Amino acid sequence: MFSTRSGAARLALGTIIVLIVVKAIVAVATGSISITAQTTDSFLDLIAIIIALFAVRIAVMPADEEHPFGHAKVEGIAAIVQAVLIVGAGGFIVYSAIRRIVDGATVEMTEAGIGVMLFSTVVSFFLARHLSRVSRSTRSLALEASARNITADIYSAAGVLLAMVVIRITGLAILDPVIALCVAILIFKSAYDVIRKSVEELADTRLPEEEEKTLTATIIGYRGQLTGFHAIRSRRAGDQRFIDLHLVMPRNASLEEAHAMCDRLEEDIKARLPGTSVTIHCEPCRVECAECYVVSCSIRQ
């Protein structure tokens, strides 16, 4: 039920709403800026999850006349929107923490703060792990961005938890805004990671080296039926890969033989790299040979 893109997004939505309500109540009761920062962070996670929910619904829509390559890049756009919101949250937390350091304030009911941060850390850990697993299996950038956001929450919540414990023991309330600033740094780092990966996909960055090695090995496996290959181009959009390449066929190969060869190679590539759309351009070998012995030809890239 929660192993699909939309199912995982709905699970995250409900979980984050619960965390926001609990944190907001305790933030007001304790007057803690670090817990307020955590509440703000969770509220932005909520907005991000809503964006991700809409994005994954659009991304899984099949290709149509206006979008022949599908809608998967919507997830990259959604991830960047999430990152902008994350940066905004970080800025708000930095401003609030600096004001708290300048003005000074005490933290009350630290026991409640300890309890809610412990609860938040445990819940966020399991939620982030589930979202990461689903994002890997579905190649969802939007869910990966949400998983990164919540993973940042784990570290920041653990930091706030530690601060609450130390404040409870020592009474050093200055630790509250200091920890809030540390939370902001984690938030900015998370935003940077999301933006970098989203821009790479939207800019049609080539497939990872391991996947291109798999592609090359697959083509070389047909060395007895073709004389060369070149002009390989690859990119990713969401959970879809797009590959196009040129195959050099023997001069004496018929159109039917070339077509059959391309069909076999395309199916083999799709089997090794699932979710791949392959476009192959065939061209004749330009080497002037009296007779073409393909099985003795070497692959030329």
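The values are calculated or read from the model by the stated rules, or taken from the named source; none is laboratory data. In this text, all values refer to a predicted model and were calculated from it rather than measured experimentally. Cβ sites come from the backbone with ideal geometry, for glycine too, and all protein chains shown count toward neighbours.
Among all residues of region 142-152, there is at least one that is crowded, with 18+ Cβ neighbours inside 10 Å and without any contact (Cβ under 8 Å) to a residue 24 or more places away in the chain.
Results for (1) at pLDDT 80 or above; (2) within 21 Å of I20 (Cα to Cα), shown as yes or no for each residue.
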site: H130; (1), (2): yes, yes
site: R136; (1), (2): yes, no
site: R148; (1), (2): no, yes
site: A152; (1), (2): no, yes
site: S156; (1), (2): no, yes
site: V166; (1), (2): yes, no
site: L172; (1), (2): no, no
site: D176; (1), (2): no, yes
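Looking only at region 217-244, residues that are closer than 29 Å to S140 by Cβ and surrounded by fewer than 15 Cβ atoms within 10 Å (Cβ to Cβ) come to 3 in all.
Going by what's in this entry, would R233 be described as touching a Leu at 6+ places or on another chain (Cβ under 8 Å) and on the phi < 0 side of the Ramachandran plot? Here the answer is yes, as R233 does meet what is asked.
So, of the residues in region 267-286 that are in contact with a helix residue (DSSP H, G or I) (Cβ under 8 Å, 6 or more places away or on another chain) and free of Cβ contacts under 8 Å to residues at least 60 places away in the same chain, which turns out to be surrounded by the most Cβ atoms within 10 Å (Cβ to Cβ)? Per the criteria, the residue is I269. Looking only at residues of region 249-266 that are within 37 Å of the chain's Cα centre (by Cα) and touching a residue at least 40 places away in the same chain (Cβ under 8 Å), we find that the one that is farthest from T216 (Cα to Cα) is R264. Of the residues I47, I16, the single one that is crowded, with 24+ Cβ neighbours inside 10 Å and either out of contact with any strand residue (DSSP E or B) (no Cβ under 6 Å at 6 or more places or on another chain) or part of a helix (DSSP H, G or I) (or both) is I16.
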